[in-house]
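These notes are about the structure you will find just below.
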Amino acid sequence: MNQPFPPPYIQYHVRTGFMKVVRDAGDDFDVFSAQPMLGRPFPALVLMHDWMGLDAQTRLLTDQLAQAGFVVMAPDLFEGQTANTPQEAQTLMKTFSERRADQRLHDAMEVLSKHPATHQIGVVGVGLGGTFALKAAATGMSVGAVVSCSGFPQRWLGKLGDATSPIMALFGESDPLIPDDVIDSLRAELRPPHAVVALSGLGHDLWPDDPTPAQSESSQLALRHIAHFLHTALDG
């Protein structure tokens, strides 16, 4: 890990729920949203989910990020379908459209930009969504900060170091899906204010089901890194 231990963050009471975003073209899609119950403006986040869909883990992460002081919107990329196993997720991926995901990220950002209780907007992604977060930075999307959790950086190596948006990439130290040399290349490219963080005891899933006590500590540390990085970038 090449980041100092992040400080605790204030935990706010939040309200959460599903809502529909209606596009100018006339179609709509679902999002899960959460925000602090205080009236003052907060930074906003679009949370891009992993290949399991807009599942309970994604909704919990949405809630936790809102507790940390963000207005969060997680667009559904799979039309209400979720997976319980990797095999089901592979089936879901057959319906996946990168173009549709790009559009939903853009639409969610537009909604948040008009929200009366938000200011700067960041993008957070997990797994598949983490790859989209890196894409947002690599392609120059106008966004205040980017956090990729277990995103696959291979496609964007060599295009991230000059990104105008601060980037934080988080990985489990034992991630079996992203080779160490890829993470080393990313770390060499992402100099401050960017950051690469490896979390002990975790694999590809930074928030595993039935974690050990040590994994729970690392998962909570991941949230603290995200909150501290994003508040520094978006509230500064």
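The values are calculated or read from the model by the stated rules, or taken from the named source; none is laboratory data. Model, not experiment: these values are computed from the prediction. Note that each Cβ is placed from the backbone with ideal geometry, even for glycine, and that neighbours are counted across all protein chains shown.
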### Task
Consider Asp107 carefully, then state whether it is within 19 Å of the chain's Cα centre (by Cα), in contact (Cβ under 8 Å) with a residue 24 or more places away in the chain, surrounded by fewer than 16 Cβ atoms within 10 Å (Cβ to Cβ) and part of a helix (DSSP H, G or I).
no
### Yes/no for Ser219 being surrounded by fewer than 23 Cβ atoms within 10 Å (Cβ to Cβ), small (Gly, Ala, Ser) and closer than 25 Å to Thr82 by Cα
yes
### Task
Tally the residues that are aromatic (Phe, Trp, Tyr) and more than 23 Å from Leu61 (Cα to Cα), restricting the search to the stretch 135-189.
1
### Message
Here is a list: Ala83, Ala68, Ala101. Which entry is in contact with a helix residue (DSSP H, G or I) (Cβ under 8 Å, 6 or more places away or on another chain), closer than 25 Å to Thr232 by Cβ and either among the small types (Gly, Ala, Ser) or surrounded by 23 or more Cβ atoms within 10 Å (Cβ to Cβ) (or both)?
### Response
Ala68
### Message
Which residue is nearest to Ala34 (Cα to Cα), if the candidates are limited to the stretch 51-95 and must be in a loop (DSSP other than H, G, I, E, B) and among the aliphatic types (A, V, I, L, M)?
### Response
Ala68
### Message
Return the residues of the stretch 161-184 that are assigned to a loop (DSSP other than H, G, I, E, B) and surrounded by fewer than 21 Cβ atoms within 10 Å (Cβ to Cβ); say none if nothing qualifies.
### Response
Gly161, Asp162, Thr164, Glu173, Ser174, Asp175, Pro176, Leu177, Ile178, Pro179
### Task
Tally the residues that are in contact with a helix residue (DSSP H, G or I) (Cβ under 7 Å, 6 or more places away or on another chain) and at pLDDT 90 or above, restricting the search to the stretch 7-27.
5
### Selection count where residues are in a loop (DSSP other than H, G, I, E, B) and either more than 26 Å from Ala136 (Cα to Cα) or touching a Pro at 6+ places or on another chain (Cβ under 9 Å) (or both), scope the stretch 20-50
6
### Summary
If you go through Ser185, Ser150, Ser216, the only one that is among the hydroxyl-bearing types (Ser, Thr, Tyr) and either touching a residue at least 40 places away in the same chain (Cβ under 8 Å) or in contact with a Pro (Cβ under 7 Å, 6 or more places away or on another chain) (or both) is Ser150
### Query
For Gly17, are the conditions met, namely being in a strand (DSSP E or B), without any contact (Cβ under 8 Å) to a residue 60 or more places away in the chain and either of a type in the set (Gly, Ala, Ser) or surrounded by 19 or more Cβ atoms within 10 Å (Cβ to Cβ) (or both)?
yes
### Message
Considering only the stretch 190-204, I want to know if a residue exists there that is assigned to a helix (DSSP H, G or I) and at pLDDT 95 or above.
### Response
no
### Task
Quickly run through the stretch 128-157 and pick out the residues that are of a type in the set (Gly, Ala, Ser), surrounded by fewer than 23 Cβ atoms within 10 Å (Cβ to Cβ), at pLDDT 95 or above and part of a loop (DSSP other than H, G, I, E, B).
Gly144
#### Entry: Positions within the stretch 20-57 being out of contact with any His (no Cβ under 9 Å at 6 or more places or on another chain), surrounded by fewer than 21 Cβ atoms within 10 Å (Cβ to Cβ) and among the charged types (D, E, K, R), in sequence order
Lys20, Arg23, Asp24, Asp27, Asp28, Asp30, Arg40
### Query
Is it fair to say Pro179 is under 23 Å from Leu202 (Cβ atoms), out of contact with any Lys or Arg (no Cβ under 7 Å at 6 or more places or on another chain) and without any contact (Cβ under 8 Å) to a residue 12 or more places away in the chain?
yes
